[in-house]
1. Once every DSSP H run of n ≥ 4 in the chain is given -39500 (n - 2.57) and the sum is divided by its residues, what mean residue ellipticity at 222 nm do you get, rounded to the nearest 500 deg cm²/dmol?
2. Residue-wise, which Karplus ³J(HN,Hα) couplings in Hz belong to the stretch 67-76, taking 6.51 cos²θ - 1.76 cosθ + 1.60, θ = phi - 60°, and x for glycine or proline?
3. Around residue 61, under 12 Å between beta carbons, what's the net of Lys plus Arg minus Asp minus Glu among the other residues?
4. Just read off the accessible area of residue 55 with the full protein assembly in place, 1.4 Å probe, to the nearest 10 Å².
5. With a 1.4 Å probe and all protein chains in place, put 91, 56 in order of accessible area, largest first.
6. Using 0.36 nm per residue of separation minus the Cα-Cα distance, give me the extension gain between residue 70 and residue 11 in nm, one decimal.
7. How would 107, 18 rank on accessible area, largest to smallest, probe 1.4 Å?
8. Using a 1.4 Å probe on the protein heavy atoms, what percent of the accessible area of the chain belongs to carbon and sulfur?
Amino acid sequence: MSKFSMFGNFFNTSDVDTFAILVVRELVKGLPPQHLDTQSKQAEKARTRIDDKVRSHAQQLVDNHRLNIYQKAKLGGRLQDGLLAAGYPESFSKSFAYDVVRLVALTSTQTHPK
């Protein structure tokens, strides 16, 4: 018997961790840190593609899982840490992580109304 069995899946963050890794990889691949401030048509298209992919992945995540507060907090931390490790500025990492967690929470509310 697991020491957390009485909490069910409350502390299970494997899907959140996988989602965070996927999002960071998509961002690094589509808009590397050194091109973050680039104001070209190509960079704008990359931002749009990344936004679409993140929204799609967020929808897939919430379709399969109803995240609790701990999992949402863990998601934000994993995203921020991953972006910082990839070389993105701290202000961008915090803002991006917050926006993705907010997106997941809003998508979850629409997918799983109370």
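1. -24000 deg cm²/dmol
2. Taking θ as phi minus 60°, the curve returns 6, 8, 4, 5, 5, 5, 5, 4, 4, x Hz for the stretch 67-76.
3. 0
4. 120
5. Sorted descending by solvent-accessible area, the residues read 91, 56.
6. Values: separation 59, 0.36 × 59 = 21.24 nm, distance 0.70 nm.
Between residue 70 and residue 11, full extension yields 20.5 nm more.
7. So the residues, ranked largest to smallest area, are 18, 107.
8. On the way: 3990 of 7470 Å².
Carbon plus sulfur share of accessible area: 53 percent.
The values are calculated or read from the model by the stated rules, or taken from the named source; none is laboratory data. Treat the numbers as computed from the prediction; the structure is a model and nothing was measured. When we count neighbours, we look across all protein chains shown, and the Cβ atoms used for this are built from the backbone with ideal geometry, even at glycine. Areas reflect the complete protein model, heavy atoms only, side chains present, ligands, DNA and RNA absent. Shrake-Rupley method; radii C 1.70, N 1.55, O 1.52, S 1.80 Å.
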